[in-house]
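Enquirer: For reference, the structure I am asking about is given below.
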């Protein structure tokens, strides 16, 4: 992780101390694995950290597609100077609409950690996502 992403990681881990996070070492991120894995209240998620909507690398998109097809809960969390933007890794992201279409699903104040936790680790949302993924498991990607 670059220095700025490393600082972003510390913001998240300090803002959400109740979540069990694991930061993925840089050698693994070369294979496309997302930056952070977290688990809270029985829901697990993978989060790719970005600064100002930096694009996903092809290896990240490939890893994300494979994890998505397996039913994983994936997010892209982007730090901008004024707020956080949060995307779910789904059809639009897979099709290449991130960051070209920077309309995030959620735009949140930088310090609203409770909202970020409730969105990412929402058990109802995760169950719906797991039931939904099979319909979209054969993207032309």
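Enquirer: Among 6, 68, rank each residue by its count of other Cβ atoms within 10 Å, from fewest to most, as a rough exposure measure. Each step should come with its number before you reach the end.
Expert: Numbers: 6 13, 68 24.
So the residues, fewest neighbours to most, are 6, 68.
Enquirer: Please give the length that would be gained between residue 25 and residue 4 if that part of the chain were fully extended, namely 0.36 nm times their separation in residues minus their C-alpha to C-alpha distance (nm, one decimal).
Expert: Fully extending the segment from residue 25 to residue 4 adds 6.0 nm.
Enquirer: On full extension of the chain, what length is gained from residue 69 through residue 37, given 0.36 nm per residue of separation minus the C-alpha to C-alpha distance?
Expert: Value of the extension gain: 9.8 nm.
Enquirer: Here's another thing I want to ask about it. In what order do 20, 53 fall by count of nearby beta-carbon atoms within 10 Å, going from fewest to most? Please list the in-between numbers first.
Expert: Values: 20 11, 53 16.
Least crowded to most crowded, the residues run 20, 53.
Enquirer: Based on the Cα gyration tensor of the stretch 1-75, what are the three equivalent ellipsoid semi-axes, each the root of five times an eigenvalue, rounded to whole Å and given largest first? Don't skip to the answer; put the middle values down first.
Expert: Numbers: eigenvalues 70, 58, 19 Å².
Semi-axes, largest first: 19, 17, 10 Å.
Enquirer: Once a ≥ b ≥ c are taken as the square roots of the eigenvalues of the Cα gyration tensor of the stretch 31-89, is the result rounded (a/c under 1.5), prolate (a/b larger than b/c) or oblate (a/b not larger than b/c)? Before the final figure, lay out the partial values.
Expert: Details: a/c = 2.29, a/b = 1.22, b/c = 1.88.
Taking the square roots of the gyration eigenvalues as a ≥ b ≥ c, the stretch 31-89 is oblate.
Just so you know, all these numbers are worked out from the coordinates, no wet-lab data involved. Predicted model, so just to flag it, every value in this text is computed and none were measured. Note that we place each Cβ from the backbone using ideal geometry, even for glycine, and neighbour counts take in every protein chain shown.
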